[in-house]
Structures are given as C-alpha cells and as structure tokens.
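J.: Handing you a structure now.
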Amino acid sequence: MSDAIQLTHLYVKDNKRFRQVKKGLIKIEKFKEFDVPSGIKKEIYETDVNGKDISLNNKNVRYVSKRFLSKIQSNRIKKFVGK
C-alpha cells in the first residue's frame, strides 16, 4: 500500500489557490522537474476513487521515471501534510 498527496501547479495567478495558500491548506514547494512551483495540498490519500488501496503496481498508475526527493524536502512535505 502507498500513500499519495495531491499537487497543483501554480503557473497562473489563481486567486482561489492563493487564498488556500494564505489559509495554510496549500504549501508552495519547488520541484526540480518543473519550471514553476507546485502547491502541495494538506491531504493524504490512501485509497483510489474506487476505495481500493493505492498501489504503484496498479495498471492504472502511469510510471514516468524514478524520482527521489532530498531528505530535507521529503521531511518538510511530511511535516506539512501531517504524516
């Protein structure tokens, strides 16, 4: 079983997203793969829309490339989402 967090890209000034940032519901984080910052939503998903455990081996999961976060960035994200 895996856990997932939801990201949203912040390349367009969207008042709704930036209100969520000010309220603490989204944290701005920069990932090296993207030119623009991403927003991390403060929610952890353990199941998919069908109620099944999230698994990276599922045929519906599209694997793009192997990617690891730095320990510092990983800990910062975990602390924000509360896990």
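A short reminder: the numbers here are calculations on the coordinates, not readings from a lab. Everything numeric in this text was worked out from a predicted model, so none of it was measured. Here Cβ is always computed from backbone atoms with ideal geometry, including for glycine, and neighbour counts include all displayed protein chains.
J.: Calculated from DSSP H runs of 4 or more alone, at -39500 (n - 2.57) each and per residue, what is the 222 nm mean residue ellipticity of the chain, nearest 500?
T.: For the chain, the value works out to -7000 deg cm²/dmol.
J.: Once phi is turned into θ = phi - 60°, what whole-Hz ³J(HN,Hα) does the Karplus curve with 6.51, -1.76 and 1.60 give for every residue of segment 10-22, x standing for Gly and Pro?
T.: Coupling constants for segment 10-22: 10, 7, 10, 5, 10, 4, 4, 5, 6, 5, 5, 5, 5 Hz.
J.: Sticking with this one: Of 16/52; 22/52; 13/42; 16/59; 59/79; 23/52, which sit over 22 Å apart, Cα to Cα?
T.: Details: 16/52 30 Å; 22/52 33 Å; 13/42 20 Å; 16/59 33 Å; 59/79 30 Å; 23/52 31 Å.
The pairs that break the limit, which is 22 Å between Cα atoms, are 16/52; 22/52; 16/59; 59/79; 23/52.
J.: Just to be sure I understand, if you calculate semi-axes √(5λ) of the Cα gyration tensor in Å for this structure, which of [x] 33, 14, 10; [y] 24, 21, 14; [z] 23, 16, 14 do you get?
T.: Answer label, from the structure shown: [z].
J.: When only Cα pairs under 8 Å and 6 or more residues apart are kept, what is the percent relative contact order across segment 20-83?
T.: On the way: 42 pairs, mean separation 15.6, N = 64.
Relative contact order comes out at 24 percent.
J.: Here is a further query. For residue 6, list long-range residues whose amide hydrogen, built 1.01 Å from N in the peptide plane, is under 5 Å from its own amide hydrogen.
T.: For residue 6, the qualifying residues are 41, 43.
J.: Let me ask you something else. May I ask you to derive the FRET efficiency for residue 16 and residue 80 from their Cβ-Cβ distance with R0 = 25 Å, giving the value to the nearest 0.05?
T.: The calculated FRET efficiency here is 0.80.
J.: Give the angle, between 0 and 90 degrees and rounded to the nearest 10, that separates the Cα long axis of helix 71-81 from the longest principal axis of the Cα atoms of the chain.
T.: That works out to roughly 80 degrees.
J.: Further question: Based solely on C-alpha atoms, express the radius of gyration and the Dmax of segment 1-43 in angstrom.
T.: Gyration radius and largest Cα-Cα distance of segment 1-43: 10.8, 35 Å.
J.: Let me ask another. Explain nothing, just compute: Karplus ³J(HN,Hα) = 6.51 cos²θ - 1.76 cosθ + 1.60, θ = phi - 60°, for every residue of segment 38-53 in order, whole Hz, x for Gly and Pro.
T.: Karplus-based 3J(HN,Hα) across segment 38-53 equals 10, x, 9, 7, 7, 7, 10, 10, 10, 10, 8, 5, 8, x, 8, 4 Hz.
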